[in-house]
Each structure stands twice: as C-alpha cells, then as structure tokens.
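For reference, the structure discussed in these notes is given below.
Derivation of every value follows stated rules applied to the coordinates shown; laboratory data play no part. Everything quoted here is computed from the prediction, not taken from an experiment. Heads up, the Cβs are rebuilt from the backbone with ideal geometry, glycines too, and the neighbour counts pull from every protein chain shown.
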C-alpha cells in the first residue's frame, strides 16, 4: 500500500533520507520513531508528494506519487503536526469543504460527518469559527476531516500534540479501528508509548536510514533490553553502529 | 472501507477552482464583516479615512492637472507626459509588488502546502494563487488611480463612456504585471536560493539606483537658458522621461487609450485598447494554462534547498568553523557594554529587541525604503541652490520637509513601534514576571524607539536645514520641533500599543491593521497636520517682505503645539503605564 523504493533526498551536501526501501502493506499501522533531524518529516513529505525525491520512488495504493499525484492524493490523507485550517470557517463548513474537495456525494458527507463528529466530541464547536478553537480542538477537526473520505492511506505527523488524554485515546482508537478495517496508517511520533500501543510495526530512523524495523517486542529483543521501549529506542539510536553489526538483523522491508 | 472501489474520481479542475474561490470568498467576507462586528468605531474610522483619502487625492490631482493644463502652449503636453510617466512607474511598482506577493502566496503560504497534499492539481492551485495575488497586489493601485482618473476626466470634460473605458482598461492592465510577476516568482523559486536572491536583489537595486542617478542627474542651467530658451530646456526635461512612452510598455497602451479617448480620437483609443486586450489574453492564457505545471517543481525546489554557497569549499569550512561553538558574547552585547550605565536587565531587553528587529528583514527593509527615499530627496535639495535662494521657497520647503519627515515618522511609529508590546505575545510573562517588571519594559521600549527615531529624524531635518541654508536659529527651531514630535509620536504608539494589545498575532503587519493600529495612524496623522499647520501659521519668521511676524500668534502657535504634543504623548503613555501595573497574564 505504501512502497518506498531506494528513496533518497539530498539537501546539497546533506543526505536527509538515504536509500530507504520500505513496504507498509494494506491495513498495517506503521509508526516511525527517531531523534530530531533523523529524516522523519522529509520521508513524510516525499510520501505525501510535498517534495520530490532526489532518487527513488514512492508508490501509494498502486500509484506513483510523482507521475499520478491526483490519484494518490484522492486515496490519501495527510495531517501535519500543525495542520492548516480556514480560520473564518466553522468546523462543520470546513468538513463539508473537505468532503467536496474529495468529490464525495452529499450522502457520504452527511454519513461520515454523523459518524466522526460525535466520536471526536465536536458537536459543541460546530457553529463556532475555527479561529476561536483551542489547539487540541483544531487538531480533532483536522483529523476528523481527514478521515471523511475513508482514505486508503493515512499519514499523520505527531497526532497527539495538544490533545488531552481522553481525546488522545479517541484518536488512537479510531485510527486503530480504521487500520483493522484496511486503512494503512503511517504515523510519525516522539511518544514511544503511543507507538507501542497502536503500531503493528515500528521503524526507527536515524541519520536518514531505517536502523531497525519490527514489532515492539522485536525491537526490545534486538536491543537486548526487555523492559521499556524507551530503553530500546535509546540503545538503538545512541550509537547504532555498535549495535547493528553484531546483534541486530538487517531491517526487514516487509513483515 | 478503504479500498479503491470506494474512492470517487478526483474533482475536475474547474470544480476545484470554483470550490476554492467559494471557500476563500466566504473567508474574506467574514474577515470584512468581523471588523464591523468587533468595533463600530473602527469601521467608522476606516470608512472616514478611506473616504477622506479619496476626496483629498481627487482634489489634489484635480488642482495639479488643472494647473498643468493652464500652461500656455505646453499644458496638454505636460499633462500627457505626466499620465504616461505615472502609469509607467505604477506598472513597475505593480510588477515588483506582484513578484513579492506571488512568491509569498505560492511558496510561503500554509494554504498552498495544505492544498499540495489535497486532490487538487498544481494547475488549479497555481490558478487560485494567481487570482489571489493579483487581487492582493492590485487593490491599492486601483484605489490610488481611481481619484486620479476621475480628476483627469473632469479636467478634460469627458462623457460617461470614458469611465467605462478606463474601468475596462485598468481591469485588463493589472493582469499583465501579475502574469509577469508570478512567472518571475516561479522561475526565481525554481532556480534561486533565498540568500542568492537577496544578494541578487541588493545588487539589482544598487545598479537600478545608480542607473537612475546617472540618468536623472540634475543639469546646471545658466540664466540665459532659463529666461530665453524655455522650449529647449523643456525639451531636455522631457527627454529624461521619454522612457515612459516606449511603445512596448503596457502602461503606454493604457495611457494612449485613455488620452486618445479623452481627446475624442475614438479609433485610436480603441486600437490601443485592443492591443492591451490582446496582450492580456495571450499572456493571461499562458499563465493560466502553462505556468502551473512549473509550480510543483518550483515548490519542491524551495523546500528541498541547501545553502547555495554550499558548493564552495570556503563556505563549508566557514560553516564548520561556526559549528565549533565557543560560547562567545554576541556583537550587540559587546557594543552595549560600551554603555555601562545601562542596567544589565534593561540592556538585555534592548539587545533582544534590536536583534529581533535586525533579523526580520521586512522590518528594517521597509524602514530603509521609507527613510531612504526621504534622504534621497533631501540630499537632492543641494541641486536647487538657485531656486532656494528665494526666502519664500526656503520657507515653504522647510515646513514641507518637516511635514514629510513627520509623516514618515508616523508610518515608522505605527508600523514598528505600535506592535512592540504585542510582539512579546504569549511570551509577555517572560519579561513581565522578571525582576525588570512590565512597567520598566514599556518605558525601555519607549526610550529605545524614541532614541532610534531621533537619530533618523534629527539627521534628516538637520540635512534639510543645511541644504536650505537656514540660519542656526531656524535650524534649532526645526530640530526642536521634530524632536518634540518624535517623542510624542513614539509615546502615542507605545501607549496605544499597550492599551490595544494583540497577543494572538505574530505578524506585526496584522497587529497594526487592528483597531489600535488604525487609531494610532489616524491620531498621528491628525497630530502632524495640526502641529505643522500651527507652526507654519504662527511662524516667527516672515514669509514675504511685507508681512511681519506677530509675537502673540507666534506664542499661541508654539504654545498650542507644545500643549497638543504633551497631551497626545503623555496621556496614552500614562494610561498604558497604569494598565501594565495591573496587567493579568
């Protein structure tokens, strides 16, 4: 469903993403972890088509991101860490706009809204301008709107920023349900507990390469640490060269 | 759920564009109506100001054009040249404005990034942004030229068809700079790094100024030429502005059509209208159908770019050297250490504000343009030595210079000083809860902006007096007047900035456009008009030989000026200090 082939991105001398190949199959919940400036956002930007890869290609739902961008965007949703919303619209107007932008019928807009709005507890805010909403509420509006067209691939960057524990739980539950129903989720986060709870597989990226990919248990095992994922993450990213050579198998591109 | 059969086809380009127009139109309408809902007074102030501006501009243009037309034999020629020159310069300004706005709108705008990941083609996205930047870049142009064209029509005594024609022509005319501007923006974004662009822009600007300086260099004329060879002198003046009648300039087609229609030469007017329309349609179609395909490439390049100098080893070495951080004191800190009597916490605040101002290119860039233009004008006064030996002109120009300098100052204080307090934003607690305290913060900002403004305004007024060859008493008088006005307008701006803060906004331009900023601009403008008016009417110096200065009117005028200054500066500043004492974070 998401297929990265020898993906490389260079900014002058700096190689932000270095020859990454990865396949995330349909219905998988994939979490990317990594230190700051590891290449997570650059990878996401190439997946969503915001920037062109220097080398390699990205395939989404069978379509190449560069040569068939509209087919890809029609099947994908992207929610950045600070999503853009039209400030003077109300959440209801914004959701209708997104529905129309994705060419949904009125019936689908209605049914999707009636399902998503109550789940995200957005009813009290539907008639208020977005400019007056808190960051967490805006984030919920953005995620709900992004789910309206039932995307095949959902890419989300730091979804829990600004969300209270209750709504963080709601987001995790909905994304997990959708993933079980067939939606592929590609999530970037710094919250290891979130990754541990929801991800089918976790990829740890550092210096532009996936240095480890596997389930949470596999990562713990490879790092020689059986307790916290945090310890495994730190062990793997601290000096990955020391670990990779001896104890860890080469990252698998598919499960 | 989530399979291809459930996925509708992407929206067509036309429907997507209509949807974007509708949603952005709704946004714009709500922004407009929210101003009225927030404050009736603000709406009234803005409406009065706009109406007043339109009326005053119309009257000025009408008087000016009528005056020009009154020159025996050459009135029509002068008016024609002025029309061509005005539109040629406005065309260049529009081009520049479209380039900047187009670039920002296409590549630095969050909506563009959002739409790039939505099922909207790059062509549609470009088309929407093209429409948006055309409207944003051109509304001021339309607002500026509308009173001028009405005045021109009235001076020429035209019928209603003239206004219909000019409306059509102007609507077409604004599209051409937008097409070229957006094309330049896409091309620059595709091939030039930001730093390289800045360097190229500075070089381009220097070359442009140098070229203009060479081209428009004043010529010394002898008495014989001025007295007896008027046409020859006029011819030399006209030759300097002949570029505005270059037939390939779009402004030439517009001006020719307007002028010919007013002259009753309808066939010729229609010809130039068709030329303009043909070009608008051709280049407009190119932009509409072709430029969008390069937009995605350019956008990707903008967000993928390394430093342009990174290809050179010396730069990489320098960067590596910088990376080895040695925990140094900054340059500004070393400079301010030379002023040991300033308290360390005050010094820290000043250094922070100076650094933030300096690192925001748009802030000091606009200041430079504003006062740079005034400096160029004042420096050029030295070329008018002959005319300025006349006391009447000396007198008039010295007051006009005070007026111009204080108007620039008002722009500076409203645009940069007013938002100072708001710019602390949500971080206001950092300085407010420090031992420095918010009251001291406000006083420091006032002192800093006043000292900064005084350096510029005193320098300009001193230069003006010097080139006008005013004696030391008059120089001291004008220096004193501008010093009082500088202090007053800074106090007013800081005071109103604290009384009407906007902590939600990071963009100083948007902070200024609120009620407080508009109020500050209007009050500053009224203060300048009243002050310069009072000082000029009650001048201690004679304007003409047969008029003597009346000591009573001089005292009343200067006293009134000082009283008004104290009231307008002291009152808002005092209210602001009182508010900061009870400030809730």
*Please give the helix A:165-180 orientation as an angle from the longest Cα principal axis of chain A, in degrees from 0 to 90, rounded to the nearest 10.*
80 degrees
_How shielded is A:46-52 by partner chains, expressed as the average number of their Cβ atoms within 10 Å of its Cβ atoms?_
5
*How far is helix A:106-119 tilted, in degrees, relative to the longest principal axis of the Cα atoms in chain A, given as a value from 0 to 90 rounded to the nearest 10?*
70 degrees
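Using a 10 Å cut-off on Cβ atoms, rank the peptides B:524-536, A:109-121 from the highest mean neighbour count down. Walk me through the numbers on the way to the answer.
Details: B:524-536: 18.9, A:109-121: 16.1.
Listed from highest to lowest mean packing, they are B:524-536, A:109-121.
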*Taking Cα atoms, how many degrees apart are the long axis of helix A:135-147 and the longest axis of chain A, rounded to 10 and kept between 0 and 90?*
90 degrees
*For the stretch B:480-583, would you read off the P(r) tail past 24 Å as a percentage of all alpha carbon pairs?*
36 percent
*Roughly what percent of Cα-Cα pairs across chain A reach past 30 Å?*
28 percent
_For a protection proxy built on the mean count of beta-carbon atoms within 10 angstrom, sort B:405-412, B:556-563, B:329-336 highest first, please._
B:405-412, B:556-563, B:329-336
*Write down Rg/Rh for the stretch A:32-159, rounded to two decimals, with Rg from the C-alpha atoms and Rh from the Kirkwood relation over Cα pairs.*
1.00
*On alpha-carbon atoms, Rg over Rh for chain B using Kirkwood Rh?*
0.99
*If you find the alpha carbon centre of the stretch A:146-163 and of the stretch A:193-227, how far apart are they in angstrom?*
21 Å
*asked:* Show log10 I(q)/I(0) for the protein assembly as shown at q = 0.05 Å⁻¹, two decimals, from a solvent-free Debye sum over equal Cα scatterers.
replied: -0.37
*asked:* For the stretch A:27-100 and the stretch B:131-155, what is the centre-to-centre distance using only Cα atoms, to the nearest Å?
replied: 41 Å
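Considering only DSSP beta bridges whose two residues both sit in the stretch A:2-244, what percent are antiparallel, to the nearest 5? List each step's numbers first, then the result.
Values: 19 of 36 bridges.
That works out to approximately 55 percent antiparallel.
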*When Cβ neighbours within 10 Å are restricted to other protein chains, what is their mean count per residue of peptide A:101-110?*
3
*Could you work out the Kirkwood radius for the stretch B:84-182, taking every pair of different alpha carbons, averaging 1/r and inverting it, reported in Å?*
14.9 Å
_Could you identify which residue out of A:14, A:192, A:234 has the top mean-square fluctuation in a GNM of chain A using Cα springs shorter than 10 Å?_
A:14
_Share of alpha-carbon pairs per 5 Å distance bin for the stretch B:341-581, given as whole %_ = 1, 6, 13, 17, 18, 14, 11, 8, 6, 3, 2, 0, 0
*In µm²/s, what is D for the stretch B:411-474 at 20 °C and 1.002 mPa s, where D = kT/(6 pi eta Rh) by Stokes-Einstein and Rh is the Kirkwood radius from Cα pairs?*
153 µm²/s
*Mind grabbing the base-10 log of I(q)/I(0) for the stretch B:11-314 at q = 0.06, 0.09 Å⁻¹? Debye formula, identical points on the C-alpha positions, no solvent, two decimal places.*
-0.27, -0.60
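Would the stretch B:107-262 count as rounded, prolate or oblate if I go by the C-alpha gyration tensor, calling it rounded below 1.5 in a/c and otherwise prolate when a/b exceeds b/c, oblate otherwise? Before the final figure, lay out the partial values.
Values: a/c = 3.53, a/b = 1.47, b/c = 2.40.
Oblate is the answer for the stretch B:107-262, as a/c is 1.5 or above yet b/c matches or exceeds a/b.
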_the stretch B:229-353 - Rg over Rh from alpha carbon coordinates, Kirkwood radius_ = 1.32
